[in-house]
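**Student:** There's a structure below that I have some questions on.
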Amino acid sequence: MVVMRMSRHGAKKRPFYHIVVADSRAPRDGRFLEKIGTYNPMLAKEDAKRVLFAEERVKYWLSKGVQPSDRVARLLHSVNLGAEVKYRQTPKKSQPKAKAQERLKALEEAANKPAEVPAE
């Protein structure tokens, strides 16, 4: 299977990514078929050089059925080259358990009650 993903380059704590088309079995920073763009997260979000793509090659590979990774799909969407991104829901596993939810409800109810003024 051929995928579109990022390959990490740059120094320690100074990441820089190449966006590549690669076989899914190849290592992350290993062999790839073609480099089609770059992503520099160190630049400001408004900077035009933060995400660069070779538009024709991206369209070509997407027409061939290449699947972009989640992050690459978001980057493609940000430069209007990909389809709309579906955001994942937070899994139910991460929610507090039943007793913790009861405690939270009790705390919220206590906070929402009006303060009683002692009678003089």
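The values are calculated or read from the model by the stated rules, or taken from the named source; none is laboratory data. Nothing here was measured: the structure is a model prediction, and the numbers come from that model. Cβ sites come from the backbone with ideal geometry, for glycine too, and all protein chains shown count toward neighbours. Quick note on the areas: whole protein, heavy atoms, side chains included, nothing else; ligands and nucleic acids left out. Shrake-Rupley method; radii C 1.70, N 1.55, O 1.52, S 1.80 Å.
**Student:** Out of the residues in segment 38-56 that are outside any loop (DSSP other than H, G, I, E, B) and without any contact (Cβ under 8 Å) to a residue 24 or more places away in the chain, which is farthest from Lys12 (Cα to Cα)?
**Tutor:** Glu56
**Student:** Would you tally the residues in segment 9-24 being under 18 Å from Ala54 (Cα atoms), open to solvent by 40 Å² or more (accessible area, probe 1.4 Å) and touching a Phe, Trp or Tyr at 6+ places or on another chain (Cβ under 7 Å)?
**Tutor:** 1
**Student:** Please name all residue pairs, on different chains or six or more residues apart, with Cβ atoms under 7 Å, provided the first residue is in segment 82-104 and is free of Cβ contacts under 8 Å to residues at least 24 places away in the same chain and the second residue is among the aliphatic types (A, V, I, L, M) and part of a loop (DSSP other than H, G, I, E, B).
**Tutor:** Hits for this filter: zero, empty list.
**Student:** On to the next question. Can you name the residue in segment 57-84 that is at pLDDT 90 or above, at negative phi and assigned to a loop (DSSP other than H, G, I, E, B) and, of all such residues, is least open to solvent (accessible area, probe 1.4 Å)?
**Tutor:** The residue in question is Val66.
**Student:** Same structure, new question: Of the residues Arg28, Arg14, which single one is among the basic types (Lys, Arg) and at pLDDT 95 or above?
**Tutor:** Residue meeting the stated conditions: Arg14.
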